[in-house]
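Take a look at the structure set out below.
The values are calculated or read from the model by the stated rules, or taken from the named source; none is laboratory data. Keep in mind the model is a prediction, meaning the values are calculated, not measured. Using ideal geometry, Cβ is built from the backbone for each residue, glycine included, and neighbour counts are taken over all protein chains shown.
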There are 2 protein chains.
Amino acid sequence: MTSSVPTSRSRRSDATRTAILAAARERFAADGYERATIRAIAKDARIDPSMVMRYFGSKEGLFAAAVTLDLRLPDLREVPREEVGRALVTHFLTLWEENEELTAVLRVGATNEAGAERLRGIFRDQLLPVARQVCPDPEQVPARAALCAAQLLGLALTRYVLRLPPAVGLPRAELVAWLGPTVQRYLTAPHP
Amino acid sequence: MTSSVPTSRSRRSDATRTAILAAARERFAADGYERATIRAIAKDARIDPSMVMRYFGSKEGLFAAAVTLDLRLPDLREVPREEVGRALVTHFLTLWEENEELTAVLRVGATNEAGAERLRGIFRDQLLPVARQVCPDPEQVPARAALCAAQLLGLALTRYVLRLPPAVGLPRAELVAWLGPTVQRYLTAPHP
DNA sequence: AGTGTTTGCCAACGCTCGTTGACCACGGTA
DNA sequence: TACCGTGGTCAACGAGCGTTGGCAAACACT
């Protein structure tokens, strides 16, 4: 039993716990699922590999705990209707540059079925609802959202994962100027 | 020495060689680089793993031999100028559905540096020259080609790798209708 | 001081991987 | 018949992986 430190006082292990999570995110983002070994993650966090197991149960458990993705998408009803495309692109660029979880989930999703399922979940639970806010016809929402996902994930893939030189070199503003109208059209333009 | 069968007569080993390559392409496309094991590939080809080594030297050698990608892009100068976007999208969709090498190189490129370099090479040697045929300003060619790559690879990623349900469900014609104008704009529209 | 829970390290397990080298079967040529 | 290149199998190697259980130190509470 022992409710020794039940409520608010921070346990000493919380530090290691977050250290492991940080190292895991970094490795998953850099190497993908298979090559990001528990041993390497543990070494980065300066603890023993067995600690990872004790805290997270298994490698899958660690991945699940390390990569919890909240896109924090804006409420598009508060954005001028002709600005939603640019707003989304801007938001995604910021998001992607701020945290490496997105790169991690994209890299892992490309080779690992569990990772792919994670991405499908994010699409379903986070992007679809937002698309629903601005799409004219509810029936077309999934298709339109998928088109946006294709464009935005394609950008992330070429720029942050594959690192195609021209994609890396393009300045933010220019990306927004090019992709904004595309996303805008996918979301709001009449079916072609 | 021995020029026993030097010229045209097909050696018996060619059959196994191509069997290995076919199995390798399939596994790389389905599993990515790390999880596509030589042992599994050899089993698919119904031979011993050591044969793979004899023929291709190493796993990297096998990958290099199995995935040689020719996009067979059309000569855009023979396509009506306002049709190049739709033509490219159509071409890519066909290409992707016909052979699994593209899925393989995309999956591998996402987690493996050698795979990523392979993709950068394809972009540089095959997509850039074609973009040069239709872009107005030569200086803008790399950026415009990169935008196209982002859109087209994003489609492939969501449809053939991640298998987002709405992206899988969209019929070819509709994809061409949506993405065609996007690619067209990236290639030929004036800089926004 | 004494006791029980945390927090950590260490050593090993069983497994799979890429890779290697020894050995065998066939088939054409001398 | 004897030979040799070719196409193939088999068993093993060393390394790295995820994972486990036992044990020592640090701490919290009485």
Residue list for segment B:109-151, filter: of a type in the set (A, V, I, L, M) and facing chain A (nearest Cβ under 7 Å) = B:Ala110, B:Ala116, B:Leu119, B:Ala143, B:Ala145, B:Ala146, B:Leu147, B:Ala149, B:Ala150
Top-ranked residue in segment B:1-16 [being within 26 Å of B:Glu60 (Cβ to Cβ) and among the small types (Gly, Ala, Ser); ranked as modelled with the highest pLDDT] | B:Ala15
Count - residues of segment A:42-58 that are within 10 Å of DNA strand C (Cβ to nearest atom), in a loop (DSSP other than H, G, I, E, B) and surrounded by fewer than 19 Cβ atoms within 10 Å (Cβ to Cβ) = 3
Options A:Arg27, A:Arg39: the member that is surrounded by fewer than 20 Cβ atoms within 10 Å (Cβ to Cβ) and at pLDDT 95 or above = A:Arg39
Out of (1) out of contact with any Lys or Arg (no Cβ under 7 Å at 6 or more places or on another chain); (2) not assigned by TED's automatic domain parsing to the domain that holds A:Thr182, what's the single condition that is false for A:Pro129?
-> (2)
Filter segment A:50-75 down to residues that are over 20 Å from A:Ala156 (Cβ atoms) and of a type outside the set (Phe, Trp, Tyr), then give me how many there are.
-> 14
Tell me which residues, restricted to segment B:17-39, are away from every other protein chain (no Cβ under 14 Å) and either over 18 Å from B:Gly57 (Cβ atoms) or within 14 Å of DNA strand C (Cβ to nearest atom) (or both).
-> B:Ile20, B:Ala22, B:Ala23, B:Ala24, B:Glu26, B:Ile38, B:Arg39
Evaluate the following for A:Ile38: is it in contact with a Pro (Cβ under 7 Å, 6 or more places away or on another chain) and not assigned by TED's automatic domain parsing to the domain that holds A:Thr158?
-> yes
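Can you tell me which of A:Val168, A:Val141 is surrounded by 16 or more Cβ atoms within 10 Å (Cβ to Cβ), at pLDDT 95 or above and either under 19 Å from the mean Cα position of the chain (by Cα) or not in a loop (DSSP other than H, G, I, E, B) (or both)?
A:Val141
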Within segment A:172-188, can one find any residue that is among the hydrophobic types (A, V, I, L, M, F, W, C) and more than 11 Å from chain B (Cβ to nearest Cβ)?
-> yes
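Condition first: touching a helix residue (DSSP H, G or I) at 6+ places or on another chain (Cβ under 9 Å) and either among the β-branched types (Val, Ile, Thr) or away from chain B (no Cβ under 12 Å) (or both). Now tell me which residues in segment A:95-108 satisfy that.
We begin by selecting, within segment A:95-108, every residue touching a helix residue (DSSP H, G or I) at 6+ places or on another chain (Cβ under 9 Å); these are A:95-97, A:99-108.
Listed by number, the residues that qualify are A:Leu95, A:Trp96, A:Glu97, A:Asn99, A:Glu100, A:Glu101, A:Leu102, A:Thr103, A:Val105, A:Val108.
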